Amino acid sequence: MALAGAERVQAGATRARILRYLARTWPLYLMLVPGIIFVAIFSYYPMYGVVIAFQDFNPGLGFTGSTWVGLKHFRYIFTLNPDFYNILRNTIVIASLKIVTMQVAAITLALLLNEARSALFKRSVQTVVYLPHFLSWIVLGGIVLDMVASNGLITRTLKAMGLQDPPMFLGSNKWFVPTLVVTNLWQGVGWSTIIYLAALTSVDPQLHEAAAIDGASRMQRVWHVTLPGISSTIVLLACLALGNVLQAGFDQVFMLYNPAVYATGDILDTYVYRAGLISAQYSMAGAIGLVKSVVGFVLIVVAYYLADKYAGYRIF
């Protein structure tokens with residue numbers, strides 16, 4: 001009896017503690033409700049549609065009336081589809097180039113801004129490089145198309161510099177991927193720099209002073225003090241970026257590509273769009289999307305494992 005009474009007292013104390021906690025934090029949980037509803041409606045509820053990857057889906061018959069075919073579409077993708085492996089290679093190449101160049105450019109820009117002595121110059125550069133991040137690729141894509149057109153700014157500039165036959169940046173398989181990488185930097189490097197600028201504030205100024213007293217030049221201080229000071233942030237972001245290896249940027253590629261550059265510019269997302277919405281091959285598009293999602297999930301798990309192991313970053 002005494003033990004049961006003690007358990008009731010403990011349960012009552014725990015319940016009271018939870019109620020006091022909720023009374024203090026309920027506004028924060030209330031703020032989560034719209035996000036939870038959004039994710040539930042637009043992310044989790046549509047996952048039921050993944051069944052079409054295992055059917056010969058007919059919109060008129062719906063999910064329940066379409067014929068089940070098992071792994072038929074997956075076998076076609078991996079053995080008979082002549083485009084799949086080339087598209088997969090394009091996706092990995094473009095995404096990897098974007099990740100690597102973005103990290104290198106963001107670190108370099110953060111170091112340069114951190115060394116700038118004029119606060120006005122520093123703020124001005126930050127404003128200019130951050131601005132494209134807040135514009136969608138609908139806007140940026142139109143700007144890029146105008147700039148590289150036959151009478152665009154870049155083309156006219158190259159001709160004025162003596163290059164009479166400027167490259168077709170969006171019409172050549174040789175130049176399309178570099179164009180994607182460069183325009184991706186233009187759009188995102190300013191925003192990515194914020195993280196590294198924040199990390200640089202944690203570097204102890206006394207280390208720089210000690211290195212300067214020992215005769216280290218500014219470049220030596222950057223190499224031996226600043227970079228080691230933000231190395232954990234660099235490792236963390238590099239690990240987390242691994243989960244985006246199959247995210248080559250649908251909106252950017254869709255705005256800029258055309259049939260002339262499908263050989264190097266067609267990625268999984270654009271292929272799914274054409275196969276599923278344009279050609280009405282819903283089941284095959286669903287199968288490709290499911291493969292991408294599963295691989296992406298595995299990559300995210302690996303990324304967080306590496307982030308925990310090498311940078312001490314954990315969510316749970």
Requested in this report: Answer with yes or no whether residue 94 is in contact (Cβ under 8 Å) with a residue 60 or more places away in the chain and out of contact with any strand residue (DSSP E or B) (no Cβ under 8 Å at 6 or more places or on another chain).
Outcome: yes
Query raised in the report: If only one of 150, 202, 192 is touching a Ser or Thr at 6+ places or on another chain (Cβ under 9 Å) and either loosely packed, with under 15 Cβ neighbours inside 10 Å or of a type in the set (S, T, N, Q) (or both), which one is it?
Result: 202
**Report entry** Residues of the range 241-265 classified as free of Cβ contacts under 8 Å to residues at least 60 places away in the same chain and within 17 Å of residue 101 (Cβ to Cβ), total
**Finding:** 0
Query raised in the report: When the range 118-132 is examined, which residues are found to be surrounded by 16 or more Cβ atoms within 10 Å (Cβ to Cβ) and in contact (Cβ under 8 Å) with a residue 12 or more places away in the chain?
Result: 125, 126, 129, 132
**Report entry** Yes/no for residue 31 being more than 31 Å from the chain's Cα centre (by Cα) and either modelled with pLDDT of 85 or more or not polar (S, T, N, Q) (or both)
**Finding:** no
Query raised in the report: Looking at 170, 163, 158, which one is within 28 Å of residue 135 (Cβ to Cβ), surrounded by fewer than 18 Cβ atoms within 10 Å (Cβ to Cβ) and either in the same structural domain as residue 130 (by TED's automatic domain parsing) or of a type outside the set (Lys, Arg) (or both)?
Result: 158
Query - Of all residues making up the range 161-216, the number that are of a type in the set (Val, Ile, Thr) and more than 20 Å from residue 253 (Cα to Cα) - result: 6
Query raised in the report: Can you name the residue in the range 106-128 that is in contact with a Gly (Cβ under 9 Å, 6 or more places away or on another chain) and at pLDDT 90 or above and is also nearest to residue 263 (Cα to Cα) among such residues?
Result: 106
Query raised in the report: In the range 164-202, what residues are farther than 23 Å from residue 149 by Cα, among the polar types (S, T, N, Q) and assigned to a helix (DSSP H, G or I)?
Result: 192, 193
**Report entry** Residues within the range 266-316 that are touching a residue at least 60 places away in the same chain (Cβ under 8 Å), touching a Phe, Trp or Tyr at 6+ places or on another chain (Cβ under 6 Å) and among the hydroxyl-bearing types (Ser, Thr, Tyr), tallied
**Finding:** 2
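The values are calculated or read from the model by the stated rules, or taken from the named source; none is laboratory data. Predicted model only: the values in this text are computed from it and were never measured. Because the Cβ atoms are built from the backbone with ideal geometry, glycine has one as well, and the counts that use them run over all protein chains shown.
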